[in-house]
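One structure is given here, and the rest of the page talks about it.
Read-outs throughout are calculated quantities, based only on the coordinates presented, and are distinct from any laboratory measurement. These numbers were taken from a predicted model, which means no experiment stands behind them. Reconstructed Cβ throughout: ideal geometry from the backbone, glycine too, with neighbour counts over all protein chains shown.
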Amino acid sequence: MRGSGFAEWTRRFEEERERRAALGDPDWRRNATEHPAVWASVQRFQVGEDGDGTSLLAKADRAGDPDYARAARLFVAEEQNHARLLARLLASAGIPTLAGHWSDAVFVRLRRLLGLRLELLVLMVAELVALRYYRALRDGTADPLTSQVAARILADEERHIPFHCARLHASFARLPRLLRRPLLSLWRLLLLAATLFVSLDHGPALRHLGVGRARFAADVLGTSGDVIAVILSPEANGPHGPAQGDAGGADSRLTPASGKPAA
């Protein structure tokens, strides 16, 4: 897969790593204050961010594209940094992290049973839900430290969606045409199920953050059609795919009428 375009993704991830190092951490001395329902929700999202990515990286290595494998490692490092930031945020409020959560265990086990293409589709479900969740946390909290942490994670997630879309675009191009839309229809059902679960499970926190269950679900599901359009597009997707803010492209169509999920 020479010339696959993932060398540019590696460059962007590395540039972000350098920017993050220069910026440094938030001021953790500002003890965060938030509603207990929100803290309980953040605890569960922290568990979801906290993984070593072993399965994904092994599959990325087997895919035969060294540039993609390198970019995937940088992606996993960003996810691990999200877990660290959320853990520090919780600690600033005297809230412990969870050792695990059954919903995350089920999600991880499902991903590990699949090949790279299907693992990325399952991962994309989590990323789309995370986009809307971290926007709600950033905009809905009155606590400056919580908002700052959510904004940092959100900025990363906005880049992760086009990164995964680029790989899925290349992967789906190798599938028979008759299989592509049915597979993505099944993915959309998985997204629906996951979104409804998160809407119910995190409902008290979302309500406190000013986002009702129905609006949260509608915003997440509203992005699915545009993600599918990008994956099935006849054009190759470079590092400026969806959710990057180009006013005229497919990325701008990832913005639902009720408010874009990532900003």
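A cut-off of 5 Å between modelled amide H atoms, ignoring neighbours fewer than 5 places along the same chain, links Gly212 with no other residue. The label-point distance for Ala218 and Arg181, in a model that sets each label 7 Å from Cα toward Cβ, rounds to 2.7 nm.
In this simple spin-label model, placing a label point 7 Å from the Cα along the Cα-to-Cβ direction at both Arg29 and Ala77 gives a separation of 2.9 nm.
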